[in-house]
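Rule-based calculations on the coordinates, nothing more; no lab input. Given the structure is predicted, the values throughout are model-derived calculations rather than measurements. Virtual Cβ from ideal backbone geometry, glycine too; neighbours counted across all protein chains shown.
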Amino acid sequence: MDADPRIDHTKPHSARVWNYLLGGKDNYAVDHEAGDNLLRMFPDFAQVARLQREFLQRAVTYLVAEAGIRQFLDIGAGLPTADNTHEVAQRIAPESRVVYVDNDPLVLVHARDLLSSSPEGMTDYLDADVRDPGAILEGAARTLDFSRPIGLMMLSIAGQVPDYGLATDLVRRFVAALPSGSHLALSDGVNVNPALVEAVSFYNERAAFPYTLRSPEQLAGYFEGLEPVEPGVVSTPLWRPPGAQRPPSEVINAVCGVGRKP
């Protein structure tokens, strides 16, 4: 399964640790240890992962059912779990097309699970790095029609770019390539909770690729020039929660938002 020499069993990888926190099985002992350390230092870490997954489901549902989006570019797709972007989109609109992007070789091994498209739609997978928007956009154009609106999904990927200026530039380059009516859905962890900051710092000392927490204001900056979809950039559980509105958490661990390109 993991003959690819790029798969490093000696250091935890964010996609595999995230998979472990979500209850998946596509991870190694080093990822279990990292995940357990995160949970010991910050017991709500698994909840942060679940809440982001729920945001993905709600955001894709909104984009398909209310905004009329039928194409998605999901950068930093991670390992397949329940309710991947194409599954949520194609339940509502079977003709939806989705391109997944990730540079983790283990994700590539399991990409077949991301390619189980409905007969009417299509899915594709690109083995590419978020820092190479040219290659991603060129590859995505084989499946997506860039003359029609696209939903750009960037969940926990901007934090993989340590330099905020570069991360912002990358987000804007992707958005600039999309036509009017496209939407950006983005979520990342924030540096508000000292316990979370300490846990992520501990993880970064051992991880193959560090993760950078940023301020809510910095994450809001990614949406500059876009029309915010209500309720704007908010704590992850507060973006269009199902049923009754959940009370805001005293401490914000991650924020998210959706913005429309005019």
Identify, among Ala135, Leu152, Val64, the residue whose Cα sits farthest towards the positive end of the charge dipole of region 4-160, taking +1 on the Cβ of Lys and Arg and -1 on the Cβ of Asp and Glu, with the dipole about the Cα centre.
-> Val64
Per principal axis, descending, Cα span of region 32-81 in whole Å | 42, 17, 14
Please give, to one decimal in nm, the separation of the simple spin-label points placed at Glu54 and Glu198, each 7 Å out from Cα toward the Cβ.
-> 2.6
Can you give the charge dipole size of the chain about its Cα centre, rounded to the nearest 20 debye, using +1 on the beta carbon of Lys and Arg and -1 on the beta carbon of Asp and Glu?
-> 460
Note, Val233: beta-carbon cut-off 14 Å, +1 each Lys/Arg, -1 each Asp/Glu, net -2
What number in nm² do you get for region 61-101 if you take the convex hull of its Cα atoms and divide its surface by four?
-> 2.7
Local net charge near Ser180, Cβ-Cβ under 13 Å (Lys/Arg +1, Asp/Glu -1) | +2
May I ask you to list, by number, the DSSP H helices of the chain whose Cα span along the axis is at least 27 Å and whose average Kyte-Doolittle hydropathy reaches -1.0 or more?
-> 45-65
Normalise the Cα radius of gyration of region 98-211 by 2.2 N^0.38 Å (N = residues in it) and let me know the number.
-> 1.19
For mean projected area of the Cα convex hull in nm², which listed value, (i) 13.0; (ii) 15.4; (iii) 19.9, comes from the coordinates shown?
-> (i)
Antiparallel %, DSSP beta bridges [both residues in the chain], to 5 = 35
Dipole in debye (nearest 20) - region 185-243, about Cα centre, beta carbon charges: Lys, Arg +1; Asp, Glu -1 = 180
Return the single residue from Gln160, Gln47, Gln57 with maximal mean-square fluctuation; model: Gaussian network over the chain, springs between Cα atoms under 10 Å.
-> Gln47
Note to self, the chain gives a 222 nm [θ] from helices alone (DSSP H runs n ≥ 4, -39500 (n - 2.57) apiece, / all residues, nearest 500) of -10500 deg cm²/dmol
